[in-house]
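Worksheet: one structure, shown below.
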Amino acid sequence: MTATSGKIILHLDFNTYFASVEQQANPFLRGKPIGIAGKGRENLQGGFGRVTVNGLNPERFKRSVITTASRQAKRSGVKTAMATWEALKICPDLIIIPGDPRKYAQITKRFLQILRSNCDEVEQFSTDEAFANITTASGGDYLGATLLAERIRNQVRDDCGEVATVSIGVGPNKLVAKLASESVKPNGLTVITPEAVEEFVLGRSLADVCGIGPRLESRLGAMGVTSIATLKKVALPILLREFKQYGLFLYQASRGIGPDYLEDDQADPLSIGQSYTFPYNLSNELEVKTNLLALADRVAWRLRKQGLAAKKISVFVRWDSFSGWSGSRAIKDPIYDGRELTDVGWSMILPRLRSGTINTKPGAMSFELAVRQLGISVSDLIQLDTAEPLLKKDQKKKNTLLALDKVSAKFGTGSWQRLSTLCTVFKERVSGWHYDHED
Ligand SMILES: [Mg+2]
């Protein structure tokens, strides 16, 4: 967790991702203000799946929002999460494109492949962002790291096209790498050596730090903290008193100290996991639990599909910052049911949620502990056959699950679902839509 632990971390981030991918796919859209609309896709019919607004009734876009705006659209003031009708009002030439998650998923897969073939470890952070540990791959120094980053950027250009540009940042930890990639857009390559970290971080603004949102920024502002430099002057006990464990994150962030470990879900082929970055922060327990169940059901389905059952369960939670928590537990009776996976996972997560709760209303969490990302994985896998249940009721449950799996195999994984997971955000991802939450 220090700025000088010796690791070299790279952060890659696509610029205006969905919009760039659409402009890459369709030369007609290049250089033009375009907005990718999420939701309300049924209202957006047209040749090549695109709609120009001229002559169209804005009523048709009433319910949709802009998930990504092209650079040209941003210049006119169009922003992410703006209602589409509002965006059309300030930018009448805006071309609205219905989002095409499959197209973006393809590009995501490609850039992750490039990172995996070049780096030691890779952690996908969102649809268009990933961290990579390049300590060994770079030869352990920043010259090697710079050359490697340049090579990765060229490969991304060759594989994903030159319109869909990326910004890359390199530094001794995730915090600095992300700040670095975001400091130059588009098409940036910024390398911050350990010696340069302190000065670089002081030059960034509070809002640049991933984990300092508008609410936290205004709370800091009320204390007279309006820059990284002023934040650095606040003593740790004061930060801890004001922000509980988040105070430590703030203290370290102002010094360029951040985590340098990666959660590489492909590093261990003997585990199966599913994680999800939510389009907004989850702030109540029920919401977290039902989303965990939706994720666990996916993991359990993948387990059974391979004829496996698990004897170890791991969960991780990322708060609305870089900080996160993970834990795992070995279990005696092998599990292959999503509900049981959830029970074990939840028993580990719940105390963490409650330990940091400032708001004492039951079921409510403080905003510092709002959940940004949730993951569950299983390991220590054994053959499902050898996990034969002894009790009759367990045998019945197993038969039911296997019968449901046959339905899923035939009609797709969305063909049945637990009632309790119907309202989860994760479901939207399964049904094909999620947000590009940042640029
Ligand atoms: Mg981006």
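In summary, Thr127 fulfils each of the numbered conditions (1) among the hydroxyl-bearing types (Ser, Thr, Tyr); (2) more than 16 Å from the ligand (Cβ to nearest atom); (3) in contact (Cβ under 8 Å) with a residue 60 or more places away in the chain with the single exception of condition (2). On the basis of being assigned to a helix (DSSP H, G or I) and surrounded by 21 or more Cβ atoms within 10 Å (Cβ to Cβ), does Ile97 make the cut? Taking the combined requirement at face value, the residue does not satisfy it.
Name the pairs: first residue in segment 173-202 and among the hydroxyl-bearing types (Ser, Thr, Tyr), second residue assigned to a helix (DSSP H, G or I), Cβ to Cβ under 7 Å, at least 6 apart or on different chains? From residues that are among the hydroxyl-bearing types (Ser, Thr, Tyr), the pairs are Thr190/Ala180; Thr190/Ser181; Thr190/Ser183; Thr193/Tyr142. Scoring Gly161 on the criteria (1) within 16 Å of the ligand (Cβ to nearest atom); (2) in contact with a strand residue (DSSP E or B) (Cβ under 9 Å, 6 or more places away or on another chain); (3) not charged (D, E, K, R) leaves a single failure, condition (2). When Thr108 is tested against (1) closer than 25 Å to Arg318 by Cα; (2) in contact (Cβ under 8 Å) with a residue 40 or more places away in the chain; (3) of a type in the set (S, T, N, Q), exactly one condition is not met: (2). For segment 183-222, the set of residues classified as more than 26 Å from Ala145 (Cα to Cα), of a type in the set (A, V, I, L, M) and surrounded by 15 or more Cβ atoms within 10 Å (Cβ to Cβ) consists of Leu206, Ile212, Leu216, Leu220, listed by residue number. Taking the conditions exactly as written (crowded, with 17+ Cβ neighbours inside 10 Å and free of Cβ contacts under 8 Å to residues at least 40 places away in the same chain), does Asp158 satisfy them or not? No, not satisfied. Taking helices (runs of 4 or more DSSP H) as the structural unit, those lying wholly within segment 145-248 and holding at least 1 residues that are among the β-branched types (Val, Ile, Thr) correspond to 174-183, 197-202, 228-232, 236-243. Filtering segment 342-361 to residues that are among the charged types (D, E, K, R) and either surrounded by 13 or more Cβ atoms within 10 Å (Cβ to Cβ) or modelled with pLDDT of 60 or more (or both) leaves Asp343, Arg352, Arg354.
So for segment 181-190 (the condition being among the hydrophobic types (A, V, I, L, M, F, W, C), in contact with a strand residue (DSSP E or B) (Cβ under 7 Å, 6 or more places away or on another chain) and either on the phi > 0 side of the Ramachandran plot or at pLDDT 95 or above (or both)), does at least one residue qualify? There is at least one residue in segment 181-190 that is among the hydrophobic types (A, V, I, L, M, F, W, C), in contact with a strand residue (DSSP E or B) (Cβ under 7 Å, 6 or more places away or on another chain) and either on the phi > 0 side of the Ramachandran plot or at pLDDT 95 or above (or both). Please determine whether any residue of segment 132-142 is within 16 Å of the ligand (Cβ to nearest atom) and within 22 Å of Pro259 (Cα to Cα). Taking every residue of segment 132-142 in turn, at least one turns out to be within 16 Å of the ligand (Cβ to nearest atom) and within 22 Å of Pro259 (Cα to Cα). Between Phe125, Phe111, the distinction of being in a helix (DSSP H, G or I) and surrounded by 16 or more Cβ atoms within 10 Å (Cβ to Cβ) belongs to Phe111 only.
Answer with yes or no whether Leu369 is in contact with a strand residue (DSSP E or B) (Cβ under 8 Å, 6 or more places away or on another chain), at pLDDT below 70, surrounded by 14 or more Cβ atoms within 10 Å (Cβ to Cβ) and closer than 30 Å to Tyr246 by Cβ. Judged against the criteria, Leu369 is a match.
The values are calculated or read from the model by the stated rules, or taken from the named source; none is laboratory data. Predicted model only: the values in this text are computed from it and were never measured. Glycine gets a Cβ as well: all are built from the backbone with ideal geometry, and neighbour counts include every protein chain shown.
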